[in-house]
Amino acid sequence: MNSSPRVVFCATHTQAEPWLEVLRAQLPGFTVDAWHADHAADPAAEHTADYAVVWAPPQAFIDQVATSERLKAVFNLGAGVDALVSLRWPSLKGAPPVPLIRLDDAGMGTQMAEYVCQAVTRHVRELDVVEAQSRQGQWAFRKPRLRADFPVGVLGLGVLGQRVALALRSFEYTVHGWSRSAKQIEGVTTYGGMDALEPMLSKCRILVNLLPLTDQTQDLLNKQRLSKLMPGGYVINVARGAHVVDEDLVALLDSGHLAGAMLDVFRQEPLPADHAFWKHPKIVVTPHTSSRTLRNESLAQIAQKILRLEHGADVRSLPGLVDRSRGY
Ligand SMILES: NC(=O)c1ccc[n+]([C@@H]2O[C@H](COP(=O)([O-])OP(=O)(O)OC[C@H]3O[C@@H](n4cnc5c(N)ncnc54)[C@H](OP(=O)(O)O)[C@@H]3O)[C@@H](O)[C@H]2O)c1
């Protein structure tokens, strides 16, 4: 019998082998292999593991691997855990379900800051108009627009929200930030809690969403709240599609209250071919690509946490531990 610690990998829509190769190199002495749905019915297959590394695993994986007391932690290959926490997790002998640990930046912060700053720059500097003019062979200047007229609000001041807020500050934007608990971030005016949301929105012309999707944040960006943005508002959604009420966003774009939106995430992904967002002249759609999971950085972070646990660290000391009661 093999007594080395075992890591099982389960990620949908991904070729497992390149990930296994990196994990094996990071965790010498461990058994690292992939879970397959057809293992479930194979009595000879190994069904238990010490650690799981997952992205969007099926319920069958949880039912098989998380029902063993051997499992010490599940590592998510992303920052958002909404899909993961909504699965059915067994609680063994009354003990709390297995700890979930999400990525803690792992190269996502810089990508997110790049994406948001390009969206803000493109809008404020009217680079979409400049590009259209250049395609017509027009050498035409536009009246400079002032940064001071485009205060930016960042919803969510966690790992990614703070990175984005500081990047925007480096371009001298006025930045407002909102989170559940109040924060202090140099150069950023911060707000905490639901009562502070609408007052904060009314001070912003550009809105960046970097909240986790939870029962409290689903449908948060509806007509009432988006209407609070200054006239000519611009919405950048890089968190989850279900934060935004699609019809309300379209109605406010059509009424002229909002000037545009750059959307990276959608209620249904891929975005259905007949969805109104695709053809809306004020919306730019990108395919959930603002911040990708980087294989080497992510697996190095996860392997380091596994080694810490193997050396006796308390799982509560690991950055990225998910609080299931909050949902993020
Ligand atoms: N599009 C992409 O490619 C992509 C990539 C990665 C991540 N994401 C999304 O980005 C999200 C944020 O990631 P992260 O790593 O920055 O998460 P995080 O570190 O957990 O930060 C979440 C932030 O949201 C705040 N928050 C949560 N619930 C709230 C509520 N009800 N009211 C007000 N504020 C609330 C938290 O407040 P407290 O600080 O007070 O707890 C925290 O500041 C992820 O959940 C994921 O959905 C998208």
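Each reported figure results from applying straightforward, stated rules to the coordinates on display, with no laboratory input. Predicted model only: the values in this text are computed from it and were never measured. Methodologically, a virtual Cβ is constructed for each residue, glycine included, from the backbone with ideal geometry; neighbour enumeration extends over all protein chains shown.
Cβ-Cβ distance of Asp254 and Asp215, R₀ of 45 Å, FRET efficiency by 1/(1 + (r/R0)^6): the value works out to about 0.95. What is the Cα centroid distance between segment 111-188 and segment 18-69, reported in whole angstrom? Rounded to whole Å, the Cα centres lie 41 Å apart. Place a +1 charge on the Cβ of each Lys and Arg in segment 184-328 and a -1 charge on the Cβ of each Asp and Glu, then give the dipole magnitude about the Cα centre in debye, rounded to the nearest 20. Roughly 220 debye for segment 184-328.
The protection proxy used here, the mean number of other Cβ atoms lying within 10 Å of each residue, ranks peptides 315-324, 68-77 as follows, highest first: 68-77, 315-324. Listed values for segment 204-209 are Karplus-derived 3J(HN,Hα) couplings in whole Hz (6.51 cos²θ - 1.76 cosθ + 1.60, θ = phi - 60°), namely 10, 9, 10, 10, 10, 9, and x replaces Gly and Pro.
Beyond 25 Å between alpha-carbons counts as too far, so tell me which of Lys223/Lys279; Lys72/Lys183; Lys143/Lys282; Lys183/Lys203; Lys183/Lys305; Lys183/Lys228 fall in that bin. Listed pairs above 25 Å: Lys72/Lys183; Lys183/Lys305.
Annotation: extensible slack from Ala83 through Gln136 equals 14.6 nm (criterion: 0.36 nm per residue apart, minus Cα-Cα distance).
With 0.36 nm allotted per residue and the present C-alpha distance subtracted, the Gln268-Arg308 stretch has 10.7 nm of extension available. Roughly how big is segment 32-169's charge dipole about its Cα centre, with Cβ charges of +1 (Lys, Arg) and -1 (Asp, Glu), in debye to the nearest 20? For segment 32-169, the charge dipole is close to 980 debye.
Sorting 249-255, 173-179 by their mean Cβ neighbour count within 10 Å, with the most densely packed peptide first, gives 173-179, 249-255.
Only DSSP H runs of four or more residues enter the estimate; each adds -39500 (n - 2.57), and after division by the residues of the chain the mean residue ellipticity at 222 nm equals -8500 deg cm²/dmol. For Ala37 and Thr110, the difference between the fully extended length at 0.36 nm per residue and the C-alpha to C-alpha distance is 22.8 nm.
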